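A short write-up of the structure that comes next.
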Amino acid sequence: MFVCRKCKKVDNFDLMLSHGYQGEGKVEKIVDANGKMMITVDGYTFVPDLDFMNNYAVCGYCGGIYCWDYSKQVK
Ligand SMILES: [Zn+2]
């Protein structure tokens, strides 16, 4: 889980896909039974790390970027 350092919202984000990206850009967020989040982009699934988040994720609440931290908080 990731928390926005600015507004403290958890896992509320959208991805910024690069302008050169050729796919459909269909993004899904999946949380497994252990609370581990995975992201699927056009059928390719991966576990995002903090580095990925700070490069590609924009906060869906405050619009912040480069603002993510790991969160231990459980919803
Ligand atoms: Zn935020």
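The values are calculated or read from the model by the stated rules, or taken from the named source; none is laboratory data. Small disclaimer: the values here were computed from a predicted structure and weren't measured. Using ideal geometry, Cβ is built from the backbone for each residue, glycine included, and neighbour counts are taken over all protein chains shown. Keep in mind that these areas ignore ligands, DNA and RNA; they rest on the heavy atoms of the full protein, side chains included. Shrake-Rupley method; radii C 1.70, N 1.55, O 1.52, S 1.80 Å.
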I want to confirm something. Restricting to the range 1-20 and keeping residues that are open to solvent by 90 Å² or more (accessible area, probe 1.4 Å) and in a loop (DSSP other than H, G, I, E, B), which single residue is nearest to the ligand (Cβ to nearest atom)? K6
Scanning the range 21-45 for residues that are more than 22 Å from G64 (Cβ to Cβ) and hydrophobic (A, V, I, L, M, F, W, C), which turns out farthest from the ligand (Cβ to nearest atom)? A33
Please find, among I30, I39, the residue that is touching a Leu at 6+ places or on another chain (Cβ under 9 Å) and not in a loop (DSSP other than H, G, I, E, B). I39
Looking at the structure I just gave you, is K72 among the basic types (K, R) and not in a loop (DSSP other than H, G, I, E, B)? no
Condition first: open to solvent by less than 60 Å² (accessible area, probe 1.4 Å), in a strand (DSSP E or B) and without any contact (Cβ under 8 Å) to a residue 12 or more places away in the chain. Can you find one or more residues in the range 45-63 that meet it? yes
